[in-house]
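Only one structure is covered here, and it is reproduced in the block below.
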Amino acid sequence: MPNFYNPYDEAFRANPWPIYHRMRDEAPAYFVEELNTWALSRFEDVLYGGMDRLHYTASVGTTMDALFYGAPTPPMFMWMDPPKHTHHRAVVNPLYQKDAVALLAEKIRSLTKRLLAPALQTGELEIHTLATQVGLYTIADYIGLQHTQIAHIGALIERFFHREPGVIGPTPEGFAAFGALREYILELLKALRVTPPPPDTHLYAWLTSEIDGHRMTDDEIFFSVFAMTVTGADTLALTCAGTVYYLNEHPDQYAEVRADHGLIPHAFAETGRFDQPTNVLGRRVVNDFELHGEKIRTGQNVLFLFASANRDDREFVDADQYQISRRPRRSMTFGAGIHACLGQHLARLEGKIILEEVFAAIPEYEVQKTRCKRAFSEFLQGYAHVPISFKPR
């Protein structure tokens, strides 16, 4: 077995694409011995692996911390198998259906315009920050939190996910932020049990619903708030920032978008494929099977390399090229199967509106490339800081 992939290697994180390409060609089922883990890099394997309930379980966790180091499994639907997964997800699922999300368009547009307005006078805008704010405030309304509360929660989560070179997993400051976050949300829940939140919110549903004959515990609600905040803001912001960056890298394609804002959803989708923000999730193996001539054993872990899958030239023509003209019949940007992203319709709507408002207000801009920054953690990757400059309005 060739030795060229370790998910914690700093050189790999700085530029994973050549390694992913090599894995897809030479070792599509790649074993990382020190982690007792297989990494799947091809599109078909990741797609069908995410839908395979015979050989995999999500019940011990889907992140590297949980799979490799036995971190406690948060009691939230992302880390459950059916039927528990189905029952827990159903509590909030109706609010994320496409028709229900569409009703929020004007509210999201108004919010985006309000948050964008101050930057228009300065001649500088940081795209990731704008998209993060839109995502956080929107998910706050869903959850039933005030905007000041979600801003504090988002800041603590950002500190938790910050990674330092040479440190595997969260830093000491990150663990401290996680502890502070848990304490803060548990205090909010204590108050909400006395004065309930509005009935059309997640918190009301989580506090009042019975699932399989039981009410959700404070820990279950805490982890649900944590997960919804991460998925509701971080992946959206990385994709919006990446779209602005890559369009700047391809001026001919940006000219097309500037002339026809109807192409914005396709640019957003292509960024999600080309630079997938959710770079990796995993499962625990519960039944032996063979794949690409390798024997994968019960008790081992499997990583689904989403970012690699979305660059697989077995699925996408010229997969390493950024092409907004692309209309793929399928993609792994929002996952697949029962664990596909709950908020994918909301993310597409938010991304469309944010980029429409930015390009309408700022038709010509320059990306400050020397100040752009990428993030890469065990869960997320992409452009986390994309400042642009333009003529003030």
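The figures follow:
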| read-out | value |
| --- | --- |
| Matching residues, region 116-160, being closer than 13 Å to Ile388 by Cα, more than 17 Å from the chain's Cα centre (by Cα) and buried (at least 20 other Cβ atoms within 10 Å of the Cβ) | Ala119, Leu125 |
| Subset of region 164-195 (residues that are more than 18 Å from Phe222 (Cβ to Cβ) and out of contact with any helix residue (DSSP H, G or I) (no Cβ under 8 Å at 6 or more places or on another chain)) | Glu164, Val167, Ile168, Thr171, Pro172, Thr195 |
| Top-ranked residue in region 78-92 [being assigned to a helix (DSSP H, G or I), surrounded by fewer than 18 Cβ atoms within 10 Å (Cβ to Cβ) and not basic (Lys, Arg); ranked as farthest from the chain's Cα centre (by Cα)] | His87 |
| Wholly within region 226-300, strands (runs of 3 or more DSSP E) carrying at least 3 residues that are within 22 Å of Glu378 (Cβ to Cβ) and touching a Phe, Trp or Tyr at 6+ places or on another chain (Cβ under 9 Å) | 281-285 |
| So Ser59, is it surrounded by 15 or more Cβ atoms within 10 Å (Cβ to Cβ), over 21 Å from Ala309 (Cα atoms) and in contact (Cβ under 8 Å) with a residue 24 or more places away in the chain | yes |
| Verdict on Ile19 being part of a helix (DSSP H, G or I), among the β-branched types (Val, Ile, Thr) and within 30 Å of Ile353 (Cα to Cα) | no |
| Scan of region 101-124 for residues that are among the aliphatic types (A, V, I, L, M), closer than 18 Å to Ala237 by Cα and touching a Ser or Thr at 6+ places or on another chain (Cβ under 8 Å), ordered by number | Ile108, Leu111 |
| Restricting region 183-199 to residues that are of a type outside the set (A, V, I, L, M) and under 18 Å from Ala140 (Cβ atoms), the residue that is nearest to the chain's Cα centre (by Cα) | Tyr184 |
| Residues satisfying the stated conditions in region 1-39, i.e. under 15 Å from Leu281 (Cβ atoms) and either small (Gly, Ala, Ser) or in contact with a Gly (Cβ under 6 Å, 6 or more places away or on another chain) (or both) | Ala39 |
| Condition check for Pro196: surrounded by 13 or more Cβ atoms within 10 Å (Cβ to Cβ), assigned to a loop (DSSP other than H, G, I, E, B) and either free of Cβ contacts under 8 Å to residues at least 12 places away in the same chain or on the phi < 0 side of the Ramachandran plot (or both) | yes |
| Looking only at region 28-68, and only at residues there that are assigned to a helix (DSSP H, G or I) and of a type in the set (Phe, Trp, Tyr), the one that is modelled with the highest pLDDT | Phe43 |
| Residue in region 93-101 that is modelled with pLDDT under 85 and outside any loop (DSSP other than H, G, I, E, B) present | no |
| Members of region 1-51 found to be surrounded by 22 or more Cβ atoms within 10 Å (Cβ to Cβ) and among the polar types (S, T, N, Q), listed by number | Ser41 |
| Criterion violated by Thr73 - all others in (1) at pLDDT 85 or above; (2) assigned to a loop (DSSP other than H, G, I, E, B); (3) β-branched (Val, Ile, Thr) satisfied | (1) |
| Verdict on Leu203 being over 25 Å from the mean Cα position of the chain (by Cα) and not in a strand (DSSP E or B) | no |
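The values are calculated or read from the model by the stated rules, or taken from the named source; none is laboratory data. This is a predicted model, so every value here is computed, not measured. As a convention, Cβ positions derive from the backbone with ideal geometry for all residues, glycine included, and neighbour counts pool all protein chains shown.
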